Amino acid sequence: MSSPASFDRIIADAESTPLFAQLPPSSPLSVVRFHRSISPAASSVMKDISTTSYRSSRNAAYPKKRPSPSGISKHHKTSPLGPPPVTRRTPYSAKAALLQQRQRQAQITALRRQGIFLEEEYREDIRFYMHEMERYTMSSSQSMDQQPEIRWHMRPCLVDFLVEIHFTFRLRPETLYLTLNIVDRYVSRRIVYIKHYQLVGCAALWIAAKFEDAKERVPTVQELAQICRDTYDESAFIQMEGHVLQTIQWTLGHPTAEAWLRLMCCEPSVEEERVQHVARFLMEITLFHREFIKYPPSSIAFGALTLALFLCGKPRRIFEETEECLEIVDCLDNRLAKHVNDLSETLVKKYSYAFYSKAATFVVQYYLQGGRFVRQSFIPLPMTPTRPSISGASTPMSATTSVSDLSDDFPLTPTSPSSFSPEPFSSSFLSEDDKENLPTTFEPVINKQRTEVPPDHFLPHDFVAFGRPALHHLNGSPRMTAVS
């Protein structure tokens, strides 16, 4: 990089040559000579003018704006109707709405940690599909009655065995209900002998665990054979698994009672954990007995939740209860009241831990003390009182009404009374029954229950004398009392 002094020396040497004088004015060296001939002060003024003109032209093309403190500001066209009205809320209502929103977000976050995702946009579609699937995947208790060897008193032994395995491997609650659904559907379509009953249960548990649980929690074939004390070979579990899947046509999307309970406990409000644990304990009791197989899982879940809300002293969902739900509640209540000591020890032990809020201990103590479920009857709405009819005719009869007028024959022509009085409403012309045409100064009261009777000293003397007794007769009139 050459210094300014060496640059000036080069220019001076160039000017001394004879060719420099012959250069055109537009050549670069001529321009340099012109700039060198200008004084430093003039050049600085020219620089300022050029800079100022450049800045002014740039500002004219790009007007400078003051930066917005909230970031980049955009120009919005104002509406011809003016800005939209701002809805003002009191600090209390705004704080309550914010608190409610935070509570709802906390509930959704807690439910998502448990694997429950609430998609409000598709909730109705999900419910409709679940109702269809539960009808499609129902088992038949009548078909199970036709088994040659299996009897219903053997079912509690198998369910107790499956509950113990399910609790040992820490499987999801849905896995147990899906296991029993697979067993019931298989037994409804195939003849099962006693020696294969336990094998069918283990194969169903294996299938349900693969469908519902994580891979590391699914029991292996070696573990299942060891649990059955080597009664069956390892190949028997694989063969039975394939046979069961073919029998139920590979349909595993059964909406279990646990899935329904989770939906019901999330809306319209989230139920307490204790209520949910008591409801789960009651639902697992229904797996042991025949009378609950005919009910769909949604009704079983709602019946268990209804009884759990009653036992825990929480408000029930009375307007959502159906007859089917109340039948399940009555069956559970009667069984617990009569056979509370005959419950499965494995099931009672499972729900006696603090993790399940000691739900089994709470329910057993409640029924041992003689507690029973009480149906809450609806409060009857008040009915409109009907005034009893005095006579057979719907309209009041006059003095000229005869027996022929009340019959089905053609009525006779009415005749004028013999003694005509110039006073049209005198007592001699009108009878006691013709109260419709009586003149009266009594004004009807629209709402007699809310009418306050004024004190006596604010009323005229005549009304106090005969008006008050007449108020006791609903169909009477003060004028009648006065005339009589």
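Okay, here's what the table says:
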item: In segment 166-248, the trypsin sites (Lys or Arg not before Pro) that fall in loop regions by DSSP, at most 12 other Cβ within 10 Å; result: 170, 229
item: P(r) of segment 257-369 over all Cα-Cα pairs, binned every 5 Å from zero, in whole percent; result: 2, 12, 25, 27, 21, 11, 2, 0
item: Size-normalised alpha-carbon gyration radius of segment 190-341, reference 2.2 N^0.38 Å; result: 1.24
item: Sparsely packed chymotrypsin sites (Phe, Trp or Tyr not before Pro) within segment 124-199, loop by DSSP, other Cβ within 10 Å at most 12; result: 193
item: Loop-located chymotrypsin sites (Phe, Trp or Tyr not before Pro) in segment 232-312, at most 16 other Cβ atoms within 10 Å (DSSP); result: 250
item: Largest-first principal axis extents of the Cα set of segment 229-289 (Å); result: 48, 29, 20
item: Cα-based convex hull, segment 141-248, per residue volume (Å³, whole number); result: 93 Å³
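Taken together, the values in this text are just the output of simple stated rules run on the coordinates, not laboratory data. Model, not experiment: these values are computed from the prediction. Cβ: placed from backbone, ideal geometry, glycine included. Neighbour counts: every protein chain shown.
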